[in-house]
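The structure under discussion appears below in the form of structure tokens.
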Amino acid sequence: ETFYGIYQNADTIMRFHKAIIYEGEKSVLLNRTYFGKDDFSIAVCGSNLSRTQIRILLEQLKVNEVILAFDKEYEDANSYKAEAYNKKLIKKVTPLIRFHQVSILFDTEDLLHTKDAPCDQVKEVLLRLLDQKIKVDLSDLDESENKQNDKFL
């Protein structure tokens, strides 16, 4: 269990000490067309980060920053569904928060269509989302998530 794109982008990820994590392989391929040799993207090939993948980020890639760029699963950024999805994303990165600077790409301006990856429109939309990334830290977690985080690693 690893990441799609790790072979192609590991050197760049280690050079920049950061990784942008997508759900699917096509996002990594598209990201490569935007950034060429400066592409630091990888994909989980699903919708979850596994313990093995977290260890790869910590031990092998030695990243300092992780940017979660999962597909948009809501229509209106101001809806309850969007808020619930944001909480779901925060929960996915909970094990990384103590070890990395963690951010989430969250489309607050409805620049993307539902089910779009952050890179699916044009490069300028992705760059805008990257500029507006939401930093996640321990204060975003409730007490039960903090205890779960302690047990994870």
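Annotations
- Filtered by the rule that a residue be under 19 Å from PHE99 (Cβ atoms) and crowded, with 17+ Cβ neighbours inside 10 Å, region 1-19 gives PHE3, ILE6, ALA10, ILE13, LYS18, ALA19.
- Taken across region 95-115, residues that are open to solvent by 70 Å² or more (accessible area, probe 1.4 Å) and among the β-branched types (Val, Ile, Thr) do occur, with at least one present.
- Subset of region 86-141 [in contact (Cβ under 8 Å) with a residue 24 or more places away in the chain, of a type in the set (A, V, I, L, M, F, W, C) and assigned to a loop (DSSP other than H, G, I, E, B)]: ILE97, PHE99, LEU105, PHE106, LEU112, ALA117, CYS119, LEU141
- GLU83 being part of a helix (DSSP H, G or I), modelled with pLDDT of 90 or more and charged (D, E, K, R): yes
- The lone criterion from (1) among the β-branched types (Val, Ile, Thr); (2) at pLDDT 95 or above; (3) in a helix (DSSP H, G or I) left unmet by ILE67 is number (3).
- Yes/no for TYR74 being among the hydroxyl-bearing types (Ser, Thr, Tyr) and either part of a helix (DSSP H, G or I) or open to solvent by 10 Å² or more (accessible area, probe 1.4 Å) (or both): no
- Hey, LEU61 touching a residue at least 60 places away in the same chain (Cβ under 8 Å) and either surrounded by fewer than 18 Cβ atoms within 10 Å (Cβ to Cβ) or over 16 Å from VAL136 (Cβ atoms) (or both) or not: no
- Qualifying residue in region 42-53 (condition: in contact with a Gly (Cβ under 6 Å, 6 or more places away or on another chain), surrounded by 13 or more Cβ atoms within 10 Å (Cβ to Cβ), farther than 15 Å from ILE134 by Cβ and not small (Gly, Ala, Ser)): yes
- Any pair with Cβ under 7 angstrom, 6 or more apart, that starts in region 3-30 at a residue that is on the phi < 0 side of the Ramachandran plot and ends at one that is among the charged types (D, E, K, R) and open to solvent by less than 50 Å² (accessible area, probe 1.4 Å): ASN9/ASP39; THR12/ASP39; LYS18/GLU65; GLU23/ASP71
- Test: GLU23 is of a type in the set (Asp, Glu), open to solvent by 20 Å² or more (accessible area, probe 1.4 Å) and under 28 Å from THR108 (Cβ atoms): yes
The values are calculated or read from the model by the stated rules, or taken from the named source; none is laboratory data. Just so it is clear, the model here is predicted, and its values are computed rather than measured. Please note: Cβ atoms are built from the backbone with ideal geometry, for glycine as well, and neighbour counts cover all protein chains shown. The area values use the complete protein model at the heavy-atom level, side chains included, leaving out ligands, DNA and RNA. Shrake-Rupley method; radii C 1.70, N 1.55, O 1.52, S 1.80 Å.
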